[in-house]
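Below: one structure, written as structure tokens.
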Amino acid sequence: MKIYTKTGDKGLTSLIGGTRVPKFHLRIESYGTVDELNSYVGMIRDQDIAEHDKELLKQVQDRLFTIGSSLASDPEKSKMVIPDLHLADIELLEQEMDAMNERLPELRHFILPGGNNAISFCHIARCVCRRAERLAVHLANESSVDEKVIIYLNRLSDYLFTLGRKIGNEQKIPENQWIPRV
């Protein structure tokens with residue numbers, strides 16, 4: 001099987017279900033941004049972080065593929081069975097954040113991104129996740145989007161922020177607090 005098909009050479013691509021759309025279509029932007037997010041999550045996993053976090057991030061990457069499949073499907077024409085998100089996927093992120101927050105100092109300031117590569121990648125992934133969420137919300141205003149997709153992306157951005165704090169705390173890296181000039 002060749003990796004290239006030449007079917008996109010004129011700026012169109014196919015959704016699951018066969019519908020051809022321009023590569024700038026909002027649905028393409030949505031799942032493309034989720035794919036970008038998945039790559040950043042992979043970069044976090046490649047860092048020197050706790051094995052538990054690596055395992056959870058692998059689950060996150062799987063759920064992001066699920067989300068990408070959902071966003072890549074034409075809700076009007078696709079007959080393909082797509083894996084779906086479960087409320088338990090969202091609850092897992094919430095439980096993980098609750099557990100991390102029990103061991104972290106109280107958050108009293110905004111945190112500037114940075115500290116080391118792992119923390120910075122968490123912040124980059126958080127920002128890409130927020131963009132993916134905004135695009136999914138925009139798409140939901142025009143077409144069918146599973147509401148769990150938007151909720152999951154919302155929780156995931158919070159999880160990535162909290163994970164960055166946890167990594168810094170475990171590695172004894174002080175948080176880069178934003179102290180505004182007055």
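Only Cα sites of segment 74-156 enter the Debye sum here, all with the same form factor; the resulting log10 I(q)/I(0) across q = 0.18, 0.27 1/Å is -0.97, -1.35, listed in q order.
Please report the net charge: other residues with Cβ closer than 13 Å to the Cβ of Met97, K and R +1, D and E -1. Once all neighbours under 13 Å are counted, the net charge is -2. Averaged over its residues, the chain has an accessible area of 60 Å² per residue, based on protein heavy atoms and a 1.4 Å probe. Between Gly17, Gly68, Gly114, the Gaussian network model of the chain with springs among Cα atoms under 10 angstrom shows the greatest mean-square fluctuation at Gly17. Output the pairs from Lys6/Lys77; Lys6/Lys148; Lys54/Lys172 with a Cα-Cα distance over 27 Å in this structure; if there are none, say none. Check vs 27 Å cut-off fails for Lys6/Lys148. Each pair of Cα atoms in segment 1-122 enters the Kirkwood radius, and Stokes-Einstein at 25 °C and 0.890 mPa s then converts it into a translational diffusion coefficient of 143 µm²/s. Taking the 1.4 Å solvent-accessible surface of the chain as the whole, the part contributed by carbon and sulfur is 52%.
Against the chain, whose longest principal axis is taken from its Cα atoms, helix 117-142 shows a tilt of about 40°. Seen against the Cα atoms of the chain and their longest principal axis, helix 26-45 is set at about 40 degrees.
From the C-alpha gyration tensor of segment 116-172, pull out the three semi-axes of the equivalent ellipsoid (sqrt of 5λ each), sorted largest to smallest, in whole Å. Write down the numbers at each step before the final one.
Details: eigenvalues 158, 20, 5 Å².
Listed largest to smallest, the semi-axes of segment 116-172 are 28, 10, 5 Å.
The values are calculated or read from the model by the stated rules, or taken from the named source; none is laboratory data. Keep in mind that this is a model prediction, so the values were computed, not measured. Positions of Cβ are generated from backbone atoms using ideal geometry, with glycine treated the same way; all protein chains shown enter the neighbour counts. Keep in mind that these areas ignore ligands, DNA and RNA; they rest on the heavy atoms of the full protein, side chains included. Shrake-Rupley method; radii C 1.70, N 1.55, O 1.52, S 1.80 Å.
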